Structures are given as C-alpha cells and as structure tokens.
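To keep things clear, I will list the structure first and then write my remarks on it.
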Amino acid sequence: MVSAPSPSARRALGRRALGRRAFAVALGLAADWAVGEPAAWHPVAGFGSAMVALERRMWADRRAAGVAYAAAGVGGAAGAGLVARRLAGPAAALAWGTWIAVAGRYLLEAASAVADALDAGDLEHARTLLPVLVGRSPEGLGEEEVARAVVESVAENLSDAVVASALWGLLAGAPGVLAHRAANTLDAMVGHRDARHGRFGWASARVDDALGWPAARLTALLAAGSRPSKAVDVWRAVRRDAPRHPSPNAGVPEAAFAAVLGLRLGGANRYGDRVEVRPMLGEGRPPEAADIRAAVALARRVTVLLFALTVLAAAVLLGAPGPGWPRRDGAAARRASRTGAR
C-alpha cells in the first residue's frame, strides 16, 4: 500500500511545480523578445477567425447568448492548453503558450513605427499606423493626440499582452495563459458597447475584466519598481486617478505610466460617431512625439524586470531542498569529504 505524501512533501512538490512554471514562462518571454510573432500562422489569429464564424451562428441580442459564446471561447482555449500539456508536458506547453500569447515585441515595434513617422514629419502615415494599437478613430488627430494614443496603448497592452500572460502562466500553466489570451481577444472583438454587442459582448468583457484585474495592478508595481524614485508618484496617481477610468483595469497601468513619465493622459476619444471623454491621469504635461520612445523604453524596463523576477523565482524554487534532501552539519560534511563517505 502506497502511503500518501506528507504535508512537507506536498509543499515541496508544489514549490517545484511553481518553479518549473516560472522557468517555462521565462522561456516564453525570451522567445517573444528574440523571435517575435510566429512567422507563418499565428494561433491567436486562427482563434479569432474561428470565433468570428462562431459569432455568426450564436449571435443574439441577449446576454445569455453572449455567456455561452464567451464560455465556448475561453473554455475551448483552456481545453487546448490541457491537450498541449498532455501531449508535450506541462513545461513545454506553457513555454509555447506564453510565447504565442505574449505580444511585447510586436507592441513596441508598432509603437516605434508611429514614433518614426512622427519624427519624419509624416503625420498622415502615423495616423494610418495607429489602428494597429488603438480602437479610436485616427482621422483628424494632431501629433499630441497621436502620441497620447500610443502612450496609453503601450501602457494598457503591456498589462494585457505581457504581464497578464506571464501571471496566468505562473498561476495556472498553459490552460491559464491560453484562457486569458482568449478572453482578451474576445473582449477586443465583441466587448465594446455598440448596438450589436452591447448585450452579446457583456460576458466577454466581464471575463476579461476579471482575468486582467491582478495584472493591471502588477504592471503598476513593476513600473514603480523600474523607477523607484517615482514609486510614490505612481501610488498617488493610481490611487487618485485610476478609479475614475471607465475600465476597472486600463486606468491603472495608464496612470502608472503617466506618473513615471511625468505626463497627463486622458481626454476625448472618438470611436466612429461616438465620443468618450476619459478622465485625466497624472499631473504632468500632455504627451509629445518624443514621449512615445520614453513609453517604449519604460515598457522594455518593465518587461526585463518581469523576466528577471520569473528567472529568480525559478532559481529559488527549483533550488530549494525538498523532502529527503541530505542535511549534514558542517563538521559531518567535512569529515565525509575527507574520508570519501557518501
């Protein structure tokens, strides 16, 4: 009869499992930074195409239909993570899932492309590049409004597309990271409040809010950690300004970036025929073109800090002794080394 593991053995197994997840997440982050997006076919794009087709079949102007749609998308992605874990093993599946879920390199390259266009004096080209980053209408935006849109996008998408993926990978492995990416994708597809999606997209938006909540706060902490001299300013801006944002999450990293960069974000955003006035975040000056590169540099520091913390966690947790680890006092160890005892 096999006896159940002792509590200390279970704790040690849990530590090592978390350490392996941290190592896999670090590999996924490194792959995104080194390789970028998959060159041939991106699984997230394939998921989006499948959910567009499913929306045509499931759409109804009812919340219940949207709940079923969100459950199918998020549950299907989590199921894919379970299958990948069974086929490739937990660590390999998580490293792969993190790589395809994280979009940090793509985000910063897209933001830098807008900065390049503004530096060249080509405002029209900068406007044409903007829809890759934001959903607001780019027509008629001046240079400062383009810069504000990019800085806000870098802050929000860093939380959604980098920090949240790493966090859910650490917490729940490949099923967690893929479920979050699915929820975030569905929110972008149907979570907005227009005539078609006001009720149908409600569940997708709420699931994304729930899964993005911890990552938004962690992003603010990482931003403060990347610039310790601004930590108090970050805390004040997040505490004072973020609750006024219509999103429970987006205002947190945006307020943190505003505080670190010395900017004031927020203002009127136009989405087709609809205008939303966002609250002011931060107490600095309005963004300028040069602030896009400052935001990119801050996002890069946050990503490096996140990577370093995952590597450190993996080293500590995988290096921690478990049950049965030989423990000898110093004298006994020295005697064993002299006599060859084992």
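The values are calculated or read from the model by the stated rules, or taken from the named source; none is laboratory data. Note that the structure is a prediction, hence the values are computed from the model and not measured. Positions of Cβ are generated from backbone atoms using ideal geometry, with glycine treated the same way; all protein chains shown enter the neighbour counts. Just so you know, the surface numbers come from the protein's heavy atoms only, side chains and all, with ligands and any DNA or RNA stripped out. Shrake-Rupley method; radii C 1.70, N 1.55, O 1.52, S 1.80 Å.
Pairs linking a residue in segment 73-85 that is part of a helix (DSSP H, G or I) to a residue that is open to solvent by less than 30 Å² (accessible area, probe 1.4 Å) and charged (D, E, K, R), with Cβ atoms under 7 Å and 6 or more positions apart or on different chains, are ALA77/ARG181. Screening segment 136-157 for residues that are in contact with a helix residue (DSSP H, G or I) (Cβ under 8 Å, 6 or more places away or on another chain) and assigned to a loop (DSSP other than H, G, I, E, B) and picking the one that is farthest from ALA299 (Cα to Cα) gives GLU139. Remark: ALA166 matches the filter, which requires a residue to be under 30 Å from GLY76 (Cα atoms) and touching a Leu at 6+ places or on another chain (Cβ under 8 Å). Residues that are in a loop (DSSP other than H, G, I, E, B) and either among the small types (Gly, Ala, Ser) or at pLDDT 95 or above (or both) within segment 40-58 comprise just one, ALA40. Checked against (1) outside any loop (DSSP other than H, G, I, E, B); (2) exposed (fewer than 13 other Cβ atoms within 10 Å of the Cβ), ASP61 passes all but condition (1). Return a yes/no flag: does segment 24-39 have any residue that is more than 17 Å from the chain's Cα centre (by Cα) and in a helix (DSSP H, G or I). Among the residues of segment 24-39, at least one is more than 17 Å from the chain's Cα centre (by Cα) and in a helix (DSSP H, G or I), which makes the answer yes. Scanning segment 111-127 for residues that are part of a helix (DSSP H, G or I) and open to solvent by 20 Å² or more (accessible area, probe 1.4 Å) yields SER112, ALA113, ASP116, ASP119, LEU123, GLU124, HIS125, ARG127. In segment 199-232, of all residues being among the aliphatic types (A, V, I, L, M) and more than 24 Å from LEU170 (Cβ to Cβ), the one that is surrounded by the fewest Cβ atoms within 10 Å (Cβ to Cβ) corresponds to VAL232.
If you scan segment 77-101, which residues turn out to be touching a Phe, Trp or Tyr at 6+ places or on another chain (Cβ under 8 Å) and closer than 15 Å to PRO43 by Cβ?
Across segment 77-101, the qualifying residues are ALA77, ALA84, ALA88.
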